Amino acid sequence: MADEKLEKNMIASVHYTGTLPESGEVFDSSEGRDPLVFLVGHQQMIPGFETEMLGATVGERREFTLAPEDAYGMPSDENVIKVPRDEFGDIELVAGMTLMSDSGPFTVQEVSDKEVTADFNHKLSGESLTFSVEVVELRSANEAELAHGHVHGPGGAHD
């Protein structure tokens with residue numbers, strides 16, 4: 001087990017800190033929480049994250065910076081839509097707020113009496129991201145996890 005390497009169809013548990021390289025601002029971290037657990041090679045992570053971690057062993061720490069294309073991509077005008085204001089009911093809407101929809105989170109860009117401009121681009125799209133990642137545990141995925149495409153048990157899904 002000690003010489004296992006992070007590869008496709010393995011369950012990886014990692015501790016990580018993600019920062020914006022220009023400012024050093026931390027945008028996400030598992031510090032003080034349980035490690036992040038994911039099934040490698042099943043699109044659960046941004047593409048560059050897994051690519052950079054392939055071959056890592058338990059106890060290994062890697063630091064890397066991803067270009068936007070390997071992280072959350074570039075913002076697209078196709079992800080900005082206008083929605084009739086009355087679809088939001090009586091909710092007080094303010095530009096800059098983040099709301100959840102059936103299609104995922106979005107940021108309210110503009111509000112008028114008739115419509116709301118909703119931006120579905122990920123808040124980190126267009127950004128380079130730096131990660132410091134330590135592999136805490138590796139194990140082979142079981143048949144149910146592979147069939148379902150995600151982790152079961154502690155740190156994963158329960159279905």
Among (1) surrounded by 17 or more Cβ atoms within 10 Å (Cβ to Cβ); (2) without any contact (Cβ under 8 Å) to a residue 24 or more places away in the chain; (3) in a helix (DSSP H, G or I); (4) not aromatic (F, W, Y), E52 falls short only on (2)
Go over the candidates L54, L146 one by one and state the one that is in contact with a Leu (Cβ under 7 Å, 6 or more places away or on another chain) and within 19 Å of K5 (Cα to Cα).
-> L54
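Select, from E127, E110, the only residue that is surrounded by 12 or more Cβ atoms within 10 Å (Cβ to Cβ) and in a strand (DSSP E or B).
After ruling out the rest, the residue left standing is E110.
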For the stretch 2-42, enumerate the residues that are touching a residue at least 24 places away in the same chain (Cβ under 8 Å) and on the phi > 0 side of the Ramachandran plot.
-> N9, G41
Counting only residues that are part of a loop (DSSP other than H, G, I, E, B) and out of contact with any Phe, Trp or Tyr (no Cβ under 6 Å at 6 or more places or on another chain), which one in the stretch 114-124 is surrounded by the fewest Cβ atoms within 10 Å (Cβ to Cβ)?
-> K114
Among the residues listed as V37, V58, the single one being among the β-branched types (V, I, T), closer than 22 Å to H122 by Cα and out of contact with any Pro (no Cβ under 6 Å at 6 or more places or on another chain) | V37
Could you check, for the stretch 94-106, whether at least one of its residues is modelled with pLDDT of 95 or more, surrounded by 11 or more Cβ atoms within 10 Å (Cβ to Cβ), on the phi > 0 side of the Ramachandran plot and assigned to a loop (DSSP other than H, G, I, E, B)?
-> no
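The values are calculated or read from the model by the stated rules, or taken from the named source; none is laboratory data. Note that the structure is predicted; figures quoted are calculated from it, not measured. FYI the Cβ positions are ideal-geometry reconstructions off the backbone, even for glycines, and counts take in every protein chain you see.
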